[in-house]
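Notes follow once the structure below has been shown.
The values are calculated or read from the model by the stated rules, or taken from the named source; none is laboratory data. Everything numeric here is computed off the predicted structure, so don't read it as measured data. Positions of Cβ are backbone-derived with ideal geometry, glycine not excepted, and every protein chain shown enters the neighbour counts.
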Amino acid sequence: MTVSNLITSIRIILAPIFIIYLINDQLLSGLVVFVICGVSDGVDGLVARLFKQKSRLGTYLDPLADKIILISAFVVLAVRGLLPSWLTVMVISRDTLILLGVIVIYINNMKLDIKPSLTSKITTCLQFITVIAVLSHGYISFISGFIIYLYYITALFTIISGLHYMHYWFKMMGESPDNV
């Protein structure tokens, strides 16, 4: 196993610990674990590039780790009333859309080149920032003045990213020789 995949695996292992902290109202501990997950998301990619450790497993594992920690965060925070449920539904809907697109491409025996778009990277970053803002809301007073705007910006990019993936898949399916 490569170092970058090990870092990603640790992020997956930290997800249940993060959830337990949130459920037990230990938001500061949850924030620390979530920040570690966010930083390690950048570190594993950097390690993979610098040490030429890009792997097929890593192309699947890294986005899976992101989905696990982000969906867990959004669901638990929404259930606890700390995050708007409409934003959580949008985040889950986008990720479900992405998963369904991958399944359709797989079922049609089409080659899937997993490369997240810039829009997708921005969306994931905004989702991480949103969760960090919510978890640090009680510790940093100025956050309450802009958090609603962060929700809307995160929602906007989540929608744009979902539409971008849809456009890509429709284009990909339309260009397939089987559809002629």
Met110 fails exactly one of the following numbered conditions: (1) touching a residue at least 40 places away in the same chain (Cβ under 8 Å); (2) more than 27 Å from Pro16 (Cα to Cα); (3) not in a loop (DSSP other than H, G, I, E, B). What is the number of that condition?
-> (3)
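On the given criteria, is Ile69 farther than 19 Å from Tyr165 by Cα, assigned to a helix (DSSP H, G or I) and over 11 Å from the mean Cα position of the chain (by Cα)? Can you show your working first?
On the way: farther than 19 Å from Tyr165 by Cα: yes; assigned to a helix (DSSP H, G or I): yes; over 11 Å from the mean Cα position of the chain (by Cα): no.
For Ile69, the condition - farther than 19 Å from Tyr165 by Cα, assigned to a helix (DSSP H, G or I) and over 11 Å from the mean Cα position of the chain (by Cα) - is not met.
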Among (1) at pLDDT 95 or above; (2) at negative phi - the single one Leu64 does not satisfy | (1)
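Picking from Val47, Val76, Val33, Val91, which residue would you name as being in a helix (DSSP H, G or I) and free of Cβ contacts under 8 Å to residues at least 40 places away in the same chain?
Val33
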Lone qualifier among Ile122, Ile105 - being part of a helix (DSSP H, G or I), of a type in the set (A, V, I, L, M) and either more than 23 Å from Arg11 (Cβ to Cβ) or over 18 Å from the mean Cα position of the chain (by Cα) (or both) | Ile105
Answer with yes or no whether Gly101 is under 22 Å from Met173 (Cα atoms), of a type in the set (Gly, Ala, Ser) and in contact with a helix residue (DSSP H, G or I) (Cβ under 6 Å, 6 or more places away or on another chain).
-> yes
